[in-house]
Amino acid sequence: MKIAVTGKGGTGKTTLAAGLATFFVSEGKRVFAIDADPDANLALTLGYPNPSSIKPLIEMKELIEERTGAKIGSLNPYFKLNPRVDDIPDKYSVKHNGINLMLMGRVRGGGLGCACPENAFLKAMVTSLILRREEVIIMDMEAGIEHLGRATAKGVDELVVVVEPGLRSIETAHRIRELAKEVGIENLGVVGNKIRHQSDKEFLMTKMPHFNFLGFILYDEKILEADLGNTSPFGTNTGLMGEVKKIVAKIMEGKS
Ligand SMILES: Nc1ncnc2c1ncn2[C@@H]1O[C@H](COP(=O)(O)OP(=O)(O)O)[C@@H](O)[C@H]1O
Ligand SMILES: [Mg+2]
């Protein structure tokens with residue numbers, strides 16, 4: 001199962017990604033979680049003891065230079081577009097509570113659009129994880145799908161877009177759907193988060209009639225409190241895991 005989570009910032013992508021990773025581990029699955037958001041906080045949400053000590057892949061300059069054959073920052077335009085990366089997840093992921101986590105980090109300059117060795121390295125990494133690993137892969141992304149290209153699209157079982165009651169995140173979801181179509185991602189599902197009333201659900205479904213809703217997550221003070229207290233929201237919260245379970249069931253249903 002390969003799931004990528006995206007949506008507008010602040011909607012709850014990281015909370016859901018952490019919930020999905022935690023759920024699959026509880027089912028006895030091997031899980032690789034990838035934090036592909038430059039503003040990374042998946043480790044914190046998953047309760048890693050020292051989240052800021054985890055080094056993002058993008059900062060492993062020597063490794064990237066060795067694999068791509070390029071000198072980072074030099075003007076030498078020659079580097080391998082498909083560097084060998086298949087061994088990286090096992091060597092560089094950090095394990096906690098049964099989850100293997102990797103941080104991508106922030107790409108300098110033109111972001112993921114730039115033709116630089118770091119990007120070639122990260123892209124090869126994502127392709128390798130999505131197309132060649134047997135484990136469950138959960139990817140926490142920023143408000144776009146820049147990490148996913150045509151090569152990886154068919155390997156993504158579900159692109160989950162998180163929205164909250166409000167037009168801004170809905171707007172982002174529409175934009176993401178266009179991008180997803182362009183690269184050929186077939187399954188796009190929506191999760192409505194921070195639901196306070198039945199009317200919030202109705203609002204989302206009315207504004208997004210052509211989307212496949214995978215489920216809803218209630219607004220829960222405990223999730224916010226966990227954030228304030230710098231702890232994982234899963235120790236204290238049982239509602240969230242129940243909702244995540246239903247979302248996974250819905251994803252599976254769409255696959256069969
Ligand atoms: N269902 C919820 N109820 C209450 N607070 C939530 C809920 N989901 C997320 N939050 C809070 O909203 C903030 C943003 O969530 P986060 O998962 O980091 O979003 P994103 O990764 O999309 O930026 C965090 O403070 C988080 O604790
Ligand atoms: Mg996040």
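Rule-based calculations on the coordinates, nothing more; no lab input. This structure is a prediction, so every number in the text was calculated from the model and none was measured. Here Cβ is always computed from backbone atoms with ideal geometry, including for glycine, and neighbour counts include all displayed protein chains.
Tabulated values for the structure
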| quantity | calculated |
| --- | --- |
| The range 42-56 - phi-based ³J(HN,Hα) in whole Hz, Karplus 6.51/-1.76/1.60, Gly and Pro as x | 5, 4, 4, 5, 7, x, 4, x, 10, x, 6, 8, 7, 8, x |
| Label-zone membership for the range 1-32, site Glu171, 7 angstrom Cα→C-beta point, backbone N under 16 Å | 7-11 |
| For Gly144, residues with placed amide H under 5 Å, excluding near neighbours | Gly7 |
| Extension gain from Met1 to His210, taking 0.36 nm per residue of separation minus the Cα-Cα distance | 72.8 nm |
| All Cα pairs of the range 2-255, percent lying beyond 30 Å | 25 percent |
| Nearest-0.05 FRET efficiency for Lys29 and Leu218, computed from C-beta distance (R0 35 Å) | 0.85 |
| Whole-Hz ³J(HN,Hα) from phi, Karplus 6.51 cos²θ - 1.76 cosθ + 1.60, for the range 131-147, glycine and proline x | 9, 10, 9, 8, 5, 6, 10, 10, 10, 9, 10, 8, 6, x, 10, 4, 6 |
| Linear extension gain, Asn82 paired with Arg150, 0.36 nm per residue minus alpha-carbon span | 23.0 nm |
| Bridge type composition, the range 2-255 - antiparallel percent by DSSP, nearest 5 | 10 percent |
